[in-house]
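Written below as C-alpha cells is the structure these notes are about.
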Amino acid sequence: MKNTMTRFAILLLLSLVFTAGCGSKLKPVTGKVTYDGQPLKSGVITFVPDFSKGNNGGGTAAEIIDGEYTLSKRFGIIGGAYHVTVSGNDGVVAEDFPVGKPLFGDYKIDHDFKDGETTFDVDVPKKR
C-alpha cells in the first residue's frame, strides 16, 4: 500500500509540474494498454509534448492498472504531437521489486492527438 501511495504521489507531482499553465485547454484521455496482446497488469504511461512539432503544452502521466489508465481533464493533454512512453511490470510485489518485476524496457512511441481525440490505446509488442 505504501508503495502504491508513493507512486501515486510522484505521478501527481509530475502531472502538476508538467501541466502548469495549461488551464482549461486540457482534455481527458483514457485508454487500454496491452503487452503481447494481454492487459498490462501494472505500469505508468507518460505524455511529453513534442516541442519540435509546435506542441507547447505540458506533460503528464498516469498509472496503468489492469490494462487501463485515465487522465482526468485536470491532468489531461492539450492535443497535438506527444512522445508517449510506457513502462510495465508484472504487478507481483517482492522485496527487490516493490511494484513488480519489469516486463520490458521503456516502450516509446509518438502520437499526434487530433481535436476531440480522448481515447488512446497502446499495444506493447513482446520482443521475440
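Points worth noting:
- Cβ crowding within 10 Å averaged over residues, with 114-120, 26-32 ranked highest first: 26-32, 114-120
- Straight-line cross-link reach from residue 101 at under 30 Å between alpha-carbon atoms covers these lysines, not counting any fewer than eight positions away in the same chain: 2, 32, 41, 126, 127.
- Proxy reagent accessibility, fewest Cβ within 10 Å first, across 51, 113: 51, 113
We did not get these values from a lab; they are worked out from the coordinates using the rules stated. All of these numbers come straight from a predicted model, not from anything done at the bench. For neighbour counting, all protein chains shown are included, and Cβ atoms are generated from backbone atoms with ideal geometry for every residue, glycine included.
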